[in-house]
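K.L.:
Pasting a structure below so you can have a look.
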Amino acid sequence: MARKTKASPRKIRGQAKKIRRSEMYGSGASGHLLQGKYNTDPVYAWFQKHHVTSSKVVDDDGVYHSKSGKFEWKVPSSVLWCLHTPLTTNQMNNQYAWYVTWVSPRTGQRLRKYFMSPWVAMEFIAAKAGRVDPHAAIVSRSRPYYVIPKHRGRFPIRQQVGGRTITWYWCPLCMQPRRFRAVRPLQEFFAVVKVWNEEKGHYVPKDRKLRLLHCEYCGCTNRDSVFRRSNQPWEVRKFKKGARRARRR
Ligand SMILES: [Zn+2]
């Protein structure tokens, strides 16, 4: 019988501790995907653990203090909530699953810098980007986040400011409320929208033509399925004990 050539989980875990995380990537056309030999449970578990332990860089009040001790950045609470959820495989497979976006004070252009970890990105915001642009933000590249439980069913939020109505949507990639603007040239698409039905006493799905909107920070559009679910009434259906499937309405 041929000897097993596959490395044991313990061996890989040992490797994972010795090897720098950046050395585990190098696959795919971009060269930034996790190499096949590291697609193992112990390596993923190690990434998760690293993600959790790294979260300690933010204090109990949600403030990140820069390494020099001179600067700090108040992490938006919704961003912090999202970062405290476990990573997806997709996020771990991508070396640069995060970026920081900010506007250059010199050229007025929106800039990006990619990061392997959102916790490292915070150092960059506190010490650099956040000091020239107070709206500098962390963006998730490989996973859209659903609206956090506290705000479910609240979006879109309409606010009256000086006789004008401002609409805030949950942006799944910025992990924050954002204003979305029409993509130019104008584009339209069809999507299912929940419309309240007085007679039936619940929401009814209707096909509607919508204008394509995008987030000016990250480019996420309102066609994204996580955006669609996050910015509509969030229904929780109750089931009787023992029910195995939803009754059709
Ligand atoms: Zn966004």
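K.L.:
Take Thr107 and decide whether it is within 20 Å of Pro134 (Cβ to Cβ) and free of Cβ contacts under 8 Å to residues at least 12 places away in the same chain.
P.N.:
yes
K.L.:
Here is a further query. Hey, any hits in segment 211-234 for a residue that's assigned to a loop (DSSP other than H, G, I, E, B), without any contact (Cβ under 8 Å) to a residue 12 or more places away in the chain and either assigned by TED's automatic domain parsing to the domain that holds Ser77 or over 26 Å from Trp98 (Cα atoms) (or both)?
P.N.:
Looking through segment 211-234, none of the residues is assigned to a loop (DSSP other than H, G, I, E, B), without any contact (Cβ under 8 Å) to a residue 12 or more places away in the chain and either assigned by TED's automatic domain parsing to the domain that holds Ser77 or over 26 Å from Trp98 (Cα atoms) (or both).
K.L.:
Quick check on my filter: what residues within segment 99-141 are more than 13 Å from the ligand (Cβ to nearest atom), charged (D, E, K, R) and over 18 Å from Ser54 (Cα atoms)?
P.N.:
If the condition is that a residue be more than 13 Å from the ligand (Cβ to nearest atom), charged (D, E, K, R) and over 18 Å from Ser54 (Cα atoms), then Arg106, Lys113, Lys128, Arg131, Asp133 are the ones that fit.
Residue by residue, here is whether (1) within 16 Å of the ligand (Cβ to nearest atom); (2) under 29 Å from Arg143 (Cβ atoms) holds:
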| position | (1), (2) |
| --- | --- |
| Val204 | no, no |
| Leu213 | yes, yes |
| Glu216 | yes, yes |
| Arg237 | no, yes |
| Lys240 | no, no |
| Ala246 | no, yes |
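K.L.:
Right, here's the next one. Test each condition in (1) in a loop (DSSP other than H, G, I, E, B); (2) modelled with pLDDT of 95 or more; (3) among the small types (Gly, Ala, Ser) for Ser30 and report the one that comes out false.
P.N.:
(2)
K.L.:
Only one of these conditions is not met by Pro144: (1) of a type outside the set (Ser, Thr, Tyr); (2) within 15 Å of the ligand (Cβ to nearest atom); (3) without any contact (Cβ under 8 Å) to a residue 24 or more places away in the chain. Which number is it?
P.N.:
With (1) of a type outside the set (Ser, Thr, Tyr); (2) within 15 Å of the ligand (Cβ to nearest atom); (3) without any contact (Cβ under 8 Å) to a residue 24 or more places away in the chain applied to Pro144, the lone miss is (3).
K.L.:
Now, a different point. Suppose we keep only residues that are farther than 30 Å from Lys70 by Cβ and hydrophobic (A, V, I, L, M, F, W, C) within segment 127-168. Which one would you say is surrounded by the fewest Cβ atoms within 10 Å (Cβ to Cβ)?
P.N.:
Ranking the qualifying residues of segment 127-168, first place goes to Val161.
K.L.:
Just checking, does segment 180-189 include any residue being within 15 Å of Ser230 (Cα to Cα) and at pLDDT 95 or above? Please lay out each step first, then the result.
P.N.:
Here is the first cut: in segment 180-189, the ones within 15 Å of Ser230 (Cα to Cα) are 180.
Still in the list and also at pLDDT 95 or above: 180.
Yes: one or more hits.
The values are calculated or read from the model by the stated rules, or taken from the named source; none is laboratory data. Being a predicted model, the structure only gives us computed values, none of them experimental. We place every Cβ from the backbone using ideal geometry, glycine too, and count neighbours over all the protein chains shown.
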